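The structure appears below as structure tokens.
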Amino acid sequence: VWLLREPERCKEQILLHAAHQFVDGSVYHWWNPLTETGLHDQCSDDYLWLPFITCAYLRETGDLGILDIEAPFVDGDRTASLREHGKRSIARALSRISERGLPFIGDNDWNDGLSALGGGESVWVAFFLMIILEEYGHALSLSGDQETCDVYAKAHAALQTAVCEHAWDGEWFRRATDGNGRWLGSKDSLEGQIFLNAQTWAQFAQAGDDEQREKAWNSLKDRLLTEYGPLLLAPAYTVPDPAIGYLSRYAPGSRENGGVYMHAATWALAAAAQRRDVDAVGSIWRSISPPVRSEDTNADAYAAEPYCLPGNVDGPLSTSPGRAGWTWYTGSAAWLNRVSIEHIIGARAEWDGLRIDPCPMPELGKVRAARRW
């Protein structure tokens, strides 16, 4: 949110996060800013958000000088440039690749509930890493480091090959493997056959070919879009599976287990706009909009405030489908704000300037927007 309004505060936040990186490129999963203590685990995506948001800042401001600013490490008595911090994040990710060429999931990835996959792989991290390799590589090339950019391009191509060979399931992209090589998010899965993030981030990463991405998108619409919002996965797990993690121990339809996890739902909205699927944009927007969900006929079932975005909404297999929870405790509001400005209104920063590319839902009508640039 700060980036479009107060870029300097975003810059401060980037450097704050860089200062909480370890020399090996890993970071805290979370930390307490008062005690400077935190959980230092083997999560496979935490450290990649630093180069991700750095690229967003660079596209918005053109401030390549931030890459030369020094920041300390948590361990050791030395500092490194932000450029180096970002490269260490990516080097760590590239060092944690399976024999099949897919990233290891570690303790978990963005979905903390996938907490028992052990030596399994994450297709979502593959898509996330593909985006970062392309974007951060471009940032480095602009600052004179073409050699690293070329290395990243080869790594990107290898990931593209791996996801096409191993992660494509015929109609959508699989989500992950467990330590025994069993796939999650596959047509062969009894439950959890399709996961939302694997389909949306495949669009962002331009994974596979046009036909595969279209099939994945259509499968998402057929299986995951509901009146309550886009489900994180479907069908929900009804039998706890110790090889997956605590996700399957949630009640069916709640939170990560087949509910609407709003953080991921905002990404589905962005993917719909990127694909210029106006009907899906409208459908997703209406299904997650608190004012719409809180209208008189829905208010009791929705059960949450009409003026703030919830963290999650119960899915169709819940005993209380459509009920919202965890309001005021989510970064989803910031993501919805960003998606609304950059993809619905369509005024977003790219490397060569400001692109105006709106994809509004029809009921939005005529819009007048002002944006700092």
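The values are calculated or read from the model by the stated rules, or taken from the named source; none is laboratory data. Please read all numbers here as calculations on a predicted model, not as lab measurements. Note that we place each Cβ from the backbone using ideal geometry, even for glycine, and neighbour counts take in every protein chain shown. Ligands, DNA and RNA are stripped out before the accessible areas are found, and what is left, the full protein with its side chains, is counted by its heavy atoms. Shrake-Rupley method; radii C 1.70, N 1.55, O 1.52, S 1.80 Å.
Any residue at all in segment 220-228 that is among the basic types (Lys, Arg) and open to solvent by 50 Å² or more (accessible area, probe 1.4 Å)?
yes
Confirm whether Arg175 is surrounded by 24 or more Cβ atoms within 10 Å (Cβ to Cβ), of a type outside the set (A, V, I, L, M, F, W, C), at pLDDT 95 or above and closer than 28 Å to Asn337 by Cβ.
So Arg175 passes the test.
Select from segment 162-179 the residues that are in a loop (DSSP other than H, G, I, E, B) and in contact with a Gly (Cβ under 8 Å, 6 or more places away or on another chain) and list them in ascending order.
Matches in segment 162-179: Asp169, Trp172, Arg174, Arg175, Asp178, Gly179.
Only residues that are in contact with an Asp or Glu (Cβ under 7 Å, 6 or more places away or on another chain) and assigned to a loop (DSSP other than H, G, I, E, B): list them for segment 277-320, please.
Correct list: Ser320 only.
Among the candidates Leu159, Leu190, which residue alone is assigned to a helix (DSSP H, G or I) and of a type in the set (A, V, I, L, M)?
Details: Leu190 fails: assigned to a helix (DSSP H, G or I).
Going through Leu159, Leu190 in turn, the sole match is Leu159.
For segment 128-136, check the following and say yes or no: at least one residue is open to solvent by 10 Å² or more (accessible area, probe 1.4 Å) and modelled with pLDDT under 95.
For segment 128-136, residues open to solvent by 10 Å² or more (accessible area, probe 1.4 Å) and modelled with pLDDT under 95: absent.
Considering segment 17-75 alone, what residues qualify as being aliphatic (A, V, I, L, M) and more than 20 Å from the chain's Cα centre (by Cα)?
Ala19, Val23, Leu34, Leu39, Leu64, Ile66, Leu67, Ile69, Ala71, Val74
Within segment 320-365, count every residue that is closer than 13 Å to Met262 by Cα and not aliphatic (A, V, I, L, M).
The total comes to 12.
In the set Gly86, Gly120, which member is modelled with pLDDT of 95 or more, out of contact with any strand residue (DSSP E or B) (no Cβ under 8 Å at 6 or more places or on another chain) and crowded, with 20+ Cβ neighbours inside 10 Å?
Gly86
Only residues in segment 175-193 that are hydroxyl-bearing (Ser, Thr, Tyr) count as the first member; pair them with residues that are assigned to a loop (DSSP other than H, G, I, E, B), Cβ under 7 angstrom, at least 6 apart or cross-chain, and list the lot.
Thr177/Gly120; Ser186/Asp169; Ser186/Arg174; Ser186/Gln193
Within the set of pairs 6+ apart or on separate chains, which have a first residue in segment 27-51 that is acidic (Asp, Glu), a second that is part of a helix (DSSP H, G or I), and C-beta atoms under 7 Å apart?
From segment 27-51, the pairs are Asp45/Val125; Asp45/Phe128.
Which residue pairs have Cβ atoms closer than 7 Å, lie 6 or more positions apart in sequence or on different chains, and pair a first residue in segment 255-276 that is touching a residue at least 60 places away in the same chain (Cβ under 8 Å) with a second residue that is of a type in the set (Ser, Thr, Tyr) and assigned to a helix (DSSP H, G or I)?
Taking only residues 6 or more apart or on different chains, the pairs are Asn257/Ser248; Met262/Ser332; His263/Ser332; Thr266/Ser332; Trp267/Thr200; Ala268/Thr200; Ala271/Thr200.
Those residues that are of a type in the set (A, V, I, L, M) and in contact (Cβ under 8 Å) with a residue 40 or more places away in the chain, I need them from segment 334-362; list them, please.
Ala334, Leu336, Val339, Ile341, Ile344, Ala349, Met361
Does segment 255-271 include one or more residues that are outside any loop (DSSP other than H, G, I, E, B), open to solvent by 30 Å² or more (accessible area, probe 1.4 Å) and touching a strand residue (DSSP E or B) at 6+ places or on another chain (Cβ under 6 Å)?
Looking through segment 255-271, at least one residue is outside any loop (DSSP other than H, G, I, E, B), open to solvent by 30 Å² or more (accessible area, probe 1.4 Å) and touching a strand residue (DSSP E or B) at 6+ places or on another chain (Cβ under 6 Å).
Among the residues of segment 121-156, write down those that are polar (S, T, N, Q), touching a helix residue (DSSP H, G or I) at 6+ places or on another chain (Cβ under 7 Å) and assigned to a helix (DSSP H, G or I).
Within segment 121-156, Ser141, Thr148 meet the criteria.
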